[in-house]
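Since the structure comes first, as structure tokens, the remarks are kept for the end.
The values are calculated or read from the model by the stated rules, or taken from the named source; none is laboratory data. All values derive from a computational prediction rather than experimental measurement. Neighbour counts run over all protein chains shown; Cβ positions are idealised from the backbone, glycine included. Surface accessibility is based on the protein's heavy atoms, side chains included, excluding ligands, DNA and RNA. Shrake-Rupley method; radii C 1.70, N 1.55, O 1.52, S 1.80 Å.
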Amino acid sequence: MMTLVAKRLLQAALMIWSIGTLSYVLMRLLPGDMAFRIAAGRYGYDNVNLAASEAVRAELGLDRPAWQQYLAWLADLVRFDLGDSLVSGLPVAHEVSHLVLHTLQLAVAAFACAVLLALPVGLFAAFRAGGWFDRCSLVASAFLRAQPVFVIGLALVLLFSLHLKLFPVAGFNGSKYLVLPAVSLALVMAAVSSRVIRHSAVGVIRSAFFDFSRVKGLSFAQSFWRHGVRNAALPVVAFLGIQFAGAIEGIVMIESLFSWPGVGHGLAHAVFNRDVPMIQAAAMALGLIFVGLNLLVDIACYLIDPRERTEP
Amino acid sequence: MSVLLQVEALSVSANDVTLLEPLSLSLKTGEALTILGETGAGKSLLVQAIMGLLPSPLQARGRVLLDGQDIGRLKPALRARLWGRQLAMLPQEPWHALDPLMPAEQQVAEVYRYVGGLSAPDALERSRQDLAGVGLAGAAERLPGHLSGGMAQRLAFCAATAGGAPIVLADEPTKGLDASRRDQVAALLRRARERGAVLTVTHNIEVARQLGGHILVMRDGRLVEQGEAEELLARPKDGYTRALIGADPQHWPDITPTDGAAREPVLTVRGLHKSRGGRLLFEGLHMTVGRGEIIGISGDSGCGKSSLGDILLGLLPADGGEIRRAPQIARHRYLKLYQDPPAAFAPGIPLGRLFDDLIGLHRLDRRRLAPLLQRLRLDPGLLQRTSVAVSGGELQRLAIARALLLEPLLLFADEPVSRLDPITAREVIALLVQSATEQDCAVLLVSHDLELLRKTCHHVVSLGGRA
């Protein structure tokens, strides 16, 4: 168990360094003058001139050689100082932690919706494998999965905001604003995970140990509860972890679509403004969520599967 | 004696193809009935039909009477109510039938709790008593993956019978078990007989003898002969029954090739050890295999026999120890013969093409193929077919031919006949040993059947032994 956590911590450290470095290099490779872009981000494109951009360059030390700037960033990182935003001048850690909270809020809501949707659909399809419900849910899941997440988001906006006027179009002001972005993400997640749940449950129901449990005299429900759930949960948990991580890419899009003040949204803006510390911090935050999820999945599998615990 | 179970003209068919000819039998209190026959003789179907567990395209006809009631007409849900309470079934593959994530004692306790209606602590107490009664007290908290094949079967027996059903149906309950563990299972079945009645399906003559009672001999879904165990086994009337009895390794003549002079070693193993899944498979293993030597490797299923083979052939790393092969010999001359012949051939491709590819790849002499096939009593016409269109015995002999074509120095034969019926198995083993000896090829013959190894090998190495 401890080796599991230690391994993930090491992974997190490596990930922070590599993501930071990579985003730094990538930003350097982008065309356009950085100082000019940053000045534009601060004062607006209409108010920027050569003097303003030179002032920014001098202030941020952008005229130093690239490797010096990189080493300075690395030295700050070791002291857990992520630096200040080049645009707003506020500490990046503060800004990003705000964004992360919003993103997590959205992600957890979407995840919960997805599980609430996928679990009954997947299990019902499994109990009547090959029946009409199973086949319909397959078609629906293939159709949903084939759509980019923003198309689903747009469709929901058209239907529920513009037509039915049930929910706000975009923005962030109370729980009502959470519904549409969370449901858009949840639909995409549930599309695949309901099939994984269905498949896993069918595998267990058809297994020899499930048959034997019935033959011992236990009812279907007892057998499924005692033997089905745990055995079926292993692949499902592992998959949900991967899927949740995959949903992070979807979050960037959904946040932009619904103007949700999360990491993805912040990341997109930081890229436009060449706000390197913000980009690095936002990317790291996403990466850390990724590693954290993997750790949670590992721990969940460890708790579900007693076989893991007896390994040396 | 009251009749517990009466089967009248029960037949099984799939899409109008009859797999089990109409069969009638009756099972009285205190009786043991054994159905003897080779694999594929429809024996398992009979048990499944009685239970109501036939997979979907299969259909049963005829009547199954339990206490005078035709249970074949019951709705599936009502029929399932009989399971564990009236009818118990012992699984064929206990490992697969046990929940891999649940400790042994729980798998028995849940039956006492949910079928017997005991409280959780009482159910656990009864479960522990049962497990202690079959010598599993020390393994009560283990997971099935950490039990040997024999232990798993004893656990499955406790779980299957905890519901208190008077009738126990056992489908090949000793498959893959060595002699001592086979006898333990037979003893359990005799015990179940005292509490009700036992119907056992097996191809093992020794199990049939130990259970006593009545025997039905079946072949190709038909009843060949029946009688009381002692009489039938001592004086079989039908030719098929005689062949079946003769195919039991204890009736084999000793076919061990004569031991030649000092042999040069093709494989030397020193202090080999290996663990898998947190379990020590073997340690301090020493072995020298000389040219053309036939060495038996015995042990329960799951004791690491297959892992040993993979290590010796360099397919799996050992945890420690030394393996030395004869110097300057190509790797493909250390070969493996697989347990399940259909899994060892690419399906859908004519066998002849598979042989051609092999001959082309290693630039072999094509003229050697014909005599080799003849030696293994194989019709060259079989090469026109694909692997699914030949029988298991023929396919395993083709696999032997394919291996011997490469002039191997060592052949690791991993339970090569365990999937074959006993009559075919005897023939295949004899041909394997003879033709390998003629080519001066050493064979490591793996089997759970110690008797078989004693009759065929120069000497036998026992693996595991930890019950």
Residue under question is A:Ala191, and the condition is that it be farther than 22 Å from A:Ala129 by Cα, surrounded by 23 or more Cβ atoms within 10 Å (Cβ to Cβ) and touching a residue at least 12 places away in the same chain (Cβ under 8 Å); does it hold? no
Note on region B:207-243: residues closer than 19 Å to B:Thr18 by Cβ, part of a loop (DSSP other than H, G, I, E, B) and open to solvent by 10 Å² or more (accessible area, probe 1.4 Å) are B:Asp220
Go over the candidates A:Leu123, A:Leu154, A:Leu106 one by one and state the one that is open to solvent by 60 Å² or more (accessible area, probe 1.4 Å) and either hydrophobic (A, V, I, L, M, F, W, C) or at pLDDT below 90 (or both). A:Leu154
Contact list, first residue from region B:180-202 and open to solvent by 10 Å² or more (accessible area, probe 1.4 Å), second anywhere and of a type in the set (S, T, N, Q), beta-carbon distance below 6 Å, six or more apart or interchain, is B:Arg182/B:Thr174
Got a number for residues in region A:23-53 being closer than 17 Å to A:Gly89 by Cα and open to solvent by 50 Å² or more (accessible area, probe 1.4 Å)? 4
So, first residue under 20 Å from A:Val25 (Cα atoms) in region A:47-70, second residue open to solvent by 90 Å² or more (accessible area, probe 1.4 Å) and in a loop (DSSP other than H, G, I, E, B), Cβ within less than 9 Å, six or more apart or across chains; the pairs are A:Arg57/A:Asp63
Considering only region A:253-276, state which residues are over 15 Å from A:Ile152 (Cβ atoms) and part of a helix (DSSP H, G or I). A:Val263, A:Gly264, A:His265, A:Gly266, A:Leu267, A:Ala268, A:His269, A:Ala270, A:Val271, A:Phe272, A:Asn273, A:Val276
Can you tell me which residue is farthest from the other protein chains (Cβ to nearest Cβ) among those in region A:175-204 that are touching a Leu at 6+ places or on another chain (Cβ under 8 Å) and basic (Lys, Arg)? A:Arg195
Condition first: under 26 Å from B:Val17 (Cα atoms) and more than 13 Å from chain A (Cβ to nearest Cβ). Can you find one or more residues in region B:74-86 that meet it? yes
Can you tell me which of (1) without any contact (Cβ under 8 Å) to a residue 60 or more places away in the chain; (2) more than 9 Å from chain A (Cβ to nearest Cβ) is the one B:Phe157 doesn't meet? (1)
Is it the case that B:Arg397 is in a helix (DSSP H, G or I) and in contact with a helix residue (DSSP H, G or I) (Cβ under 9 Å, 6 or more places away or on another chain)? yes
Which count do you get for residues in region A:158-176 that are open to solvent by less than 60 Å² (accessible area, probe 1.4 Å) and in contact (Cβ under 8 Å) with a residue 60 or more places away in the chain? 2
Of the criteria (1) more than 9 Å from chain A (Cβ to nearest Cβ); (2) closer than 23 Å to B:Ala208 by Cβ, which one B:Leu124 fails: (2)
Given the structure, is B:Leu45 part of a helix (DSSP H, G or I) and either under 22 Å from the mean Cα position of the chain (by Cα) or more than 24 Å from B:Ala208 (Cβ to Cβ) (or both)? yes
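Residues checked against (1) closer than 30 Å to B:Thr241 by Cα; (2) open to solvent by 40 Å² or more (accessible area, probe 1.4 Å); (3) assigned to a helix (DSSP H, G or I); (4) in contact (Cβ under 8 Å) with a residue 40 or more places away in the chain:
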site	(1), (2), (3), (4)
B:Ile35	yes, no, no, yes
B:Ile50	yes, no, yes, yes
B:Ser56	no, yes, no, no
B:Arg61	yes, yes, no, yes
B:Val64	yes, no, no, yes
B:Met89	yes, no, no, yes
B:Pro100	no, no, no, yes
B:Tyr112	no, no, yes, yes
Just the residues that are facing chain B (nearest Cβ under 10 Å), of a type in the set (A, V, I, L, M) and open to solvent by 10 Å² or more (accessible area, probe 1.4 Å), please, taken from region A:205-220. A:Ala208
For B:Glu141, indicate whether it is open to solvent by 20 Å² or more (accessible area, probe 1.4 Å), assigned to a helix (DSSP H, G or I) and either more than 27 Å from B:Leu450 (Cα to Cα) or within 14 Å of chain A (Cβ to nearest Cβ) (or both). no
If I go through region B:400-422 residue by residue, how many of them are in a helix (DSSP H, G or I) and not charged (D, E, K, R)? 6
Sort through B:Gly309, B:Gly352, B:Gly296, B:Gly348 and tell me the only one that's at pLDDT 85 or above and closer than 30 Å to B:Gly381 by Cα. B:Gly352
Selection within region A:221-243 - open to solvent by 20 Å² or more (accessible area, probe 1.4 Å) and either touching a Phe, Trp or Tyr at 6+ places or on another chain (Cβ under 7 Å) or at the interface with chain B (Cβ under 9 Å from one of its Cβ atoms) (or both): A:Gln222, A:Arg226, A:Arg230, A:Asn231, A:Leu234
